[in-house]
1. Rg (Å, one decimal) plus Dmax (Å, integer) for the alpha carbons of region 208-286?
2. Under the 0.36 nm per residue contour assumption, what length would be gained going from the current alpha-carbon distance of residue 55 and residue 232 to full extension?
3. Run the accessible area of region 212-286 with a 1.4 Å probe and give the carbon-and-sulfur part as a rounded percent.
4. Would you work out the charge dipole size for region 126-240 about its Cα centre, treating the Cβ of every Lys and Arg as +1 and the Cβ of every Asp and Glu as -1, and quote it to the nearest 20 debye?
5. If you count only protein heavy atoms with a 1.4 Å probe, what accessible area per residue comes out for region 167-280, rounded to a whole Å²?
6. So how long is each side of region 122-277 along the principal axes, counting just the alpha-carbon atoms, biggest first, in Å?
7. Within region 55-98, what whole-number % of the accessible surface is contributed by carbon and sulfur, with the 1.4 Å probe and all protein chains included in the calculation?
8. What are the principal axis extents of the Cα atoms in region 162-254, in Å, biggest first?
Amino acid sequence: MKDIYQLREVSDEICKEYGLSIVEKPQGKGQSRSQYYSARSYIREIKKDIDAACIRAFTVKDFVQDMKLEGYSFEEVEGLDCIVHPNYDKPIPLLLLGQRYSLDCIEQRIEKEEVRYVPLKIVYKQKDADRIYGQYKSGMFKGFMKEVVKFQVLLGILPNYSATKIKLSKEMRKECRKLDLITNATTIMAKNDIDTLEKLESYVDLLDKQMNGLLAQRKSLYSKSYKEKDLIAKAKLSKEAKVLTPDIKVLRSQIKSLDYIRKRSSKYREYNKQLEQKRNLDKQRA
């Protein structure tokens, strides 16, 4: 119970600081123990997801988009920046998460200085790497798809993982932090014969419709479960809703990867020129 009173004191101080009213003498039963610990569990999950998104993001805008793809939303409530967990409908002020989770601190964390060398990681299954590299060498890829795969070839990701650390510009170091998205998108595009931006955008729209349909279905099941009085029926509805979650996560991951490639498609030709120039200089010095 001590934690509850401490949380209440912190909340009251924040409200006073921003000129908001507080309940001097709370009336009624208030929040149950299970509700309190449930809220604390969501807060821990939010902080964990924010930490992961900060590592992946380049800008605050990227961070917000990343969190939205994970099911979160952001609101401003009485002048306070708040976040809404996908399974907890009450807005939670970012200030209550701690100083490191304000938007200003998140921006600072995203923009912190990066290492000069990038240790590449294995992100392809070898069978996918062999197939994609074979298609690239045989000239099957055209346009932006060719440039995306060529970028990975010049980095050493294809056809086989290069264990050496590669010295890159700051912009390309940021790109390499997203190799998991790039390789995931490349695998999807190669399997679905997506070699133009038009095909890519059409496929993303299709995935988006599928995901929204599953989200609506899951929300409906959870809503029915919440209203259901019979415990067996409630449990069955909840189980049906949870079964949809893995498919939703897969679709979110695919959409996120493809959208990342779409937004940066025009940059890969420039990256490849820089990498080819660097490779030629290294050969001349050798």
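1. Computed over the Cα atoms of region 208-286, radius of gyration and Dmax are 23.7, 77 Å.
2. 59.5 nm
3. Here it works out to 53 percent.
4. So the magnitude is around 500 debye.
5. Accessible surface, normalised per residue, equals 58 Å².
6. So the three principal-axis extents are 68, 32, 29 Å.
7. 51 percent
8. 62, 31, 20
The values are calculated or read from the model by the stated rules, or taken from the named source; none is laboratory data. Bear in mind that the values here come from a model prediction, so they are computed numbers and not experimental data. All Cβ positions, glycine included, derive from the backbone under ideal geometry; neighbour counts span all protein chains shown. Heavy atoms of the whole protein, side chains included, go into the accessibility calculation; ligands, DNA and RNA do not. Shrake-Rupley method; radii C 1.70, N 1.55, O 1.52, S 1.80 Å.
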